[in-house]
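Notes for the one structure printed next.
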Amino acid sequence: MIGVLFLCTGNICRSPMAHGIFNQIVREAGLHNQLFADSAGIDSYEAGQPTHSGTVSILKKHGIIFSKRARLLTEQDGVNFRYLIGMTEDHLRALQRIRLIANNPNAEVALLLDYAPQLGIREVPDPYYNGQFEECYTLVNAGVRGLLAAIRRAHNL
């Protein structure tokens, strides 16, 4: 199975949003036996907390029922996942360190919006601070769909 890990700061807004959308579109594509996803955060202050209500609400609005408890990025994540996907440059640096620690040169480390170049931006703003969960959903949805298309091309799925 091909693993995808989404990373954000606290693992309560952006990365669980990407995780939930990815799970949904993977199920819709009939690829749930070939792909799996998880999400994590780089800061421990939200560890154990539920997904932010704004993320849960916007996902529900779009027909996706999803919630999880936040967790911290671990060294083992560098081993377990083929795709390590961050929301900002800070997240990207944390993922690159994990890949090096895990000695996993095959892991692809990228920003989510690298898979949606048509948007013209590279980082997903944090809705925790600006309350823009609908805007975040639009960006994350485009990135996740582009990521799945790239994975399908790369692995002939």
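Numbers for the structure displayed
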| read-out | value |
| --- | --- |
| Which numbered condition THR74 misses (of (1) at pLDDT below 95; (2) more than 18 Å from LEU147 (Cα to Cα); (3) under 14 Å from the mean Cα position of the chain (by Cα); (4) of a type outside the set (Asp, Glu)) | (3) |
| Given (1) closer than 20 Å to ARG145 by Cα; (2) out of contact with any Cys (no Cβ under 6 Å at 6 or more places or on another chain), index of the condition ARG14 fails | (2) |
| Residue that is modelled with the lowest pLDDT [pool: residues in segment 85-101 that are over 20 Å from ALA150 (Cα atoms) and among the β-branched types (Val, Ile, Thr)] | ILE101 |
| Among (1) under 12 Å from the mean Cα position of the chain (by Cα); (2) free of Cβ contacts under 8 Å to residues at least 60 places away in the same chain; (3) in a helix (DSSP H, G or I), the one test that GLN118 misses | (1) |
| Test: residue in segment 128-141 that is in a helix (DSSP H, G or I), among the β-branched types (Val, Ile, Thr) and modelled with pLDDT of 95 or more | yes |
| Near pairs, Cβ below 8 angstrom, 6+ apart or cross-chain, from segment 130-153 (farther than 16 Å from THR88 by Cα and in contact (Cβ under 8 Å) with a residue 60 or more places away in the chain) to any residue that is among the polar types (S, T, N, Q) and part of a helix (DSSP H, G or I) | PHE133/THR55; PHE133/SER57 |
| Test: ARG122 is at pLDDT 95 or above, of a type in the set (Lys, Arg) and over 15 Å from ILE42 (Cβ atoms) | yes |
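The values are calculated or read from the model by the stated rules, or taken from the named source; none is laboratory data. Here the structure is a predicted model, which means the values were calculated and not measured. Glycine also receives a Cβ, built like all others from the backbone with ideal geometry; neighbour counts cover every protein chain displayed.
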